[in-house]
Amino acid sequence: MPCYAAAMGFKPRIAIVGPGRLGSALAQELRRVGYRITEIVSRNSVSSRRKARVLAKKVHAMAAMNSPHLDADLIWLCVPDREIAKAARHLTRATDWKGKMVFHSSGALASDELNVLRRRGAAVASVHPLMTFVSASVPSLHGISFALEGDAKALRLAREIVHEVGAEAFSISKSKKSAYHAWGGFTSPLLIALLVTGEKVARAAGFSPADARKRMLPIVRQTLGNYAKLGPAGAFSGPIVRGDAQVVRKHVKELKKIPGAKDVYLALARAGFRYLPLRNRKELEKLLKP
């Protein structure tokens with residue numbers, strides 16, 4: 001498969017639309033590996049304009065708002081899912097789209113969100129990093145995975161960029177994107193929801209949230225290490241895997257006192273019952289039955 005940059009004779013210039021958490025991380029990583037960021041395009045709000053100026057300074061780009069130039073070879077939309085199609089429509093008259101590449105970074109939505117630009121001659125793709133982005137941390141993209149879907153020409157460039165930042169690319173079909181994105185939900189945001197529920201249970205046991213986090217982290221890290229090394233069955237421990245129905249019954253009774261905690265516990269216990277090997281299944285089934 002031909003290298004896009006080699007075919008053009010240079011690395012494509014990139015404009016980032018959306019100076020938020022994802023846009024900021026991408027712009028800095030792309031700049032680090034030698035791509036020229038020409039423009040950071042923001043919304044017309046004080047906060048968005050400020051973020052654009054700060055990010056533009058970091059990556060030696062221009063900050064733009066109402067009248068973006070969009071003279072880059074690749075326009076990368078890093079806006080919320082609900083804003084992608086709207087942003088594409090808003091930008092239709094900003095430049096001549098023939099021969100340009102356009103990416104969006106939604107994990108749930110297909111490249112068809114960019115159809116308005118595709119019809120004007122752009123090659124489009126969805127390029128989603130399987131990573132968490134929060135305001136107080138800029139993660140490295142090295143070693144992470146990107147899910148790609150879209151036009152062949154855009155995908156060639158996407159694979160090249162993903163490779164250059166030290167990440168891995170895989171293809172995802174349009175019909176599988178919702179399931180893929182839900183899977184991603186389990187890997188970070190729902191994991192945090194589980195941990196904060198754990199903090200509420202720790203408070204019932206007499207620990208502050210800060211103390212709970214401090215004491216939880218070693219076992220959380222070890223569990224993830226076991227999962228990576230041994231797989232789910234090898235990492236599964238505690239009263240459920242042992243089939244200790246008496247202890248599980250005590251847990252459920254205590255968790256009734258904490259809003260929502262019993263529901264989370266039972267949902268996860270049922271998942272363990274369904275997917276993982278454990279003892280004393282008949283006794284546990286009585287406890288875990290909805």
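Comparing L155, S135, A123 along the charge dipole axis of segment 4-176, the residue lying farthest to the positive side is S135, per the Cβ-charge model. Note on segment 89-134: with charges restricted to the Cβ of Lys and Arg (+1) and Asp and Glu (-1), its dipole about the Cα centre is near 260 debye. Our note on the geometry: Cα centres of segment 149-179 and segment 207-252, 35 Å apart. Taking label points 7 Å from Cα along the Cα-to-Cβ direction, H90 and Y275 give a separation of 3.8 nm.
If R0 is 51 Å, what FRET efficiency do you get for R49 and T223 from their C-beta distance, rounded to 0.05? Step by step, r from the Cβ atoms, then E = 0.75.
So what is the orientation-averaged projected area of the chain, using the convex hull of its C-alpha atoms, in nm²?
18.2
Amide H to amide H distances under 5 Å link E39 with I16, M62, where only residues 5 or more positions off or on other chains count and H is placed in the peptide plane. For V102, the residues whose amide H sits under 5 Å from its own are I75, A123, V124, A125, ignoring neighbours fewer than 5 places away on the same chain, with H placed 1.01 Å from N.
Taking a ≥ b ≥ c as the square roots of the eigenvalues of the alpha carbon gyration tensor, segment 188-288 is oblate, as a/c is not under 1.5 and a/b does not beat b/c. For segment 109-205, the set of trypsin sites (Lys or Arg not before Pro) satisfying both a DSSP loop assignment and a count of at most 13 other C-beta atoms within 10 Å is given as R119. Taking K250 as the anchor, which lysines have their alpha carbon closer than 24 Å to its alpha carbon, excluding any fewer than eight residues away along the same chain? Qualifying lysines at Cα under 24 Å: K200, K262, K282, K286, K289.
The long axis of helix 245-255 is offset from the longest Cα principal axis of the chain by roughly 60 degrees. Where only DSSP H runs of four or more residues are counted, the chain gives -15500 deg cm²/dmol as its mean residue ellipticity at 222 nm, each run worth -39500 (n - 2.57). Taking a Cβ cut-off of under 13 Å around S45, the surrounding Lys, Arg, Asp and Glu residues balance to a net charge of +4, with basic ones at +1 and acidic ones at -1. Just to confirm the number: angle between the C-alpha axis of helix 189-204 and the first principal axis of the chain, 0 to 90 degrees, nearest 10? In the chain, helix 189-204 runs at an angle near 40 degrees to the longest axis. If both residues of a DSSP beta bridge must be in the chain, then about 20% of such bridges are antiparallel.
In sequence order, segment 18-27 has phi-based couplings of x, x, x, 4, 5, x, 5, 4, 5, 4 Hz under the Karplus curve 6.51 cos²θ - 1.76 cosθ + 1.60, θ = phi - 60°, and Gly or Pro positions carry x. If only the Cβ of Lys and Arg carry +1 and only the Cβ of Asp and Glu carry -1, the dipole of segment 175-290 around its Cα centre is close to 200 debye. Against the chain, whose longest principal axis comes from its Cα atoms, helix 177-187 is set at around 50 degrees. Summing +1 for each Lys or Arg and -1 for each Asp or Glu among the other residues whose beta-carbon sits under 15 angstrom from that of I258 gives +4.
Close amide H contacts of F146 (hydrogens built in the peptide plane, cut-off under 5 Å, sequence separation of 5 or more or a different chain): L130, E168, A169, F170. Taking a ≥ b ≥ c as the square roots of the Cα gyration tensor eigenvalues, with a/c under 1.5 meaning rounded and otherwise prolate when a/b beats b/c, else oblate, which class fits segment 4-176? It is rounded, given that a/c, with a ≥ b ≥ c, falls under 1.5. Potential lengthening of the chain between S67 and N115 amounts to 15.1 nm, from the contour at 0.36 nm per residue minus the alpha-carbon distance. Excluding same-chain neighbours fewer than eight residues apart, the lysines reachable from K174 by a Cα-Cα span under 21 Å are K86, K153.
Any read-out appearing in this document is the output of simple, stated calculations on the displayed coordinates, not a laboratory observation. All values reported here derive from a predicted model rather than from experimental measurement. Because the Cβ atoms are built from the backbone with ideal geometry, glycine has one as well, and the counts that use them run over all protein chains shown.
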